[in-house]
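Undergrad: Have a look at this one before I ask anything.
What follows draws every value from the coordinates through simple rules; no lab data is involved. All of these numbers come straight from a predicted model, not from anything done at the bench. Reconstructed Cβ throughout: ideal geometry from the backbone, glycine too, with neighbour counts over all protein chains shown.
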Amino acid sequence: MCIFCRIVKGEIPAEKVYEDDQILGFKDVNPVAPLHLLFIPKKHVVNVFDASEEPGLMESLFSAIRKYRDQEELEVEGVRVVTNAGESAGQSVFHFHVHVLSGRRLHWPPG
């Protein structure tokens with residue numbers, strides 16, 4: 001079972017910032033920005049391409065990010081929302097997840 005599935009099941013602790021019936025948001029344990037969150041579907045899907053095959057999942061995920069932003073009344077100059085698909089793109093946990101980064105100047109290209 002993957003690490004994110006274990007977090008969803010409560011077997012591994014995480015500092016949760018958002019949760020509903022489909023989506024979980026939590027702080028990244030290795031942040032690269034002052035605000036570094038991960039939003040994941042509770043259902044195991046490998047990457048963005050698999051997630052896009054699940055009806056309503058992408059909408060639920062991005063709606064959760066917006067709800068978090070509204071709930072926390074985040075006033076940030078910029079937010080980066082990014083996902084990786086495949087090892088050569090930097091995906092290290094093969095459970096679809098979206099990074100939400102903010103709180104510092106983010107440069108491009110990232111890697």
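Undergrad: Below 9 angstrom from the Cβ of Met1, what's the summed charge of the other residues (Lys, Arg +1; Asp, Glu -1)? Don't jump to the answer; show the numbers that get you there.
TA: Values: positive: Arg6, Lys9; negative: Glu11.
With Lys, Arg at +1 and Asp, Glu at -1, the net is +1.
Undergrad: Would you work out if the chain is rounded, prolate or oblate? Take a ≥ b ≥ c from the square roots of the eigenvalues of the alpha-carbon gyration tensor; rounded if a/c is under 1.5, else prolate when a/b is larger than b/c, oblate otherwise.
TA: Values: a/c = 1.42, a/b = 1.20, b/c = 1.18.
Judged from the Cα gyration tensor, the chain comes out rounded (a/c under 1.5).
Undergrad: Let me have the 222 nm mean residue ellipticity of the chain computed from DSSP H runs of 4+ only, each contributing -39500 (n - 2.57), with the sum over all residues rounded to the nearest 500.
TA: Numbers: 3 runs with 26 residues, N = 111.
So the calculated ellipticity at 222 nm is -6500 deg cm²/dmol.
Undergrad: Please arrange His107, His97, His44, His36 by counting, for each residue, the other beta carbons lying within 10 Å of its beta carbon, fewest first.
TA: Values: His107 6, His97 26, His44 15, His36 18.
By the 10 Å Cβ count, ascending, the order reads His107, His44, His36, His97.
Undergrad: Can you give the local net charge around Leu35? Use residues other than it whose beta-carbon is closer than 11 angstrom to its beta-carbon, Lys and Arg +1, Asp and Glu -1.
TA: Numbers: positive: Lys27, Arg69, Arg80, Arg104; negative: Asp28, Glu72.
Residues near Leu35 contribute +2 overall.
Undergrad: Roughly how big is the chain's charge dipole about its Cα centre, with Cβ charges of +1 (Lys, Arg) and -1 (Asp, Glu), in debye to the nearest 20?
TA: Values: 12 positive and 16 negative charges, 55 e Å.
Charge dipole, the chain, about its Cα centre: 260 debye, nearest 20.
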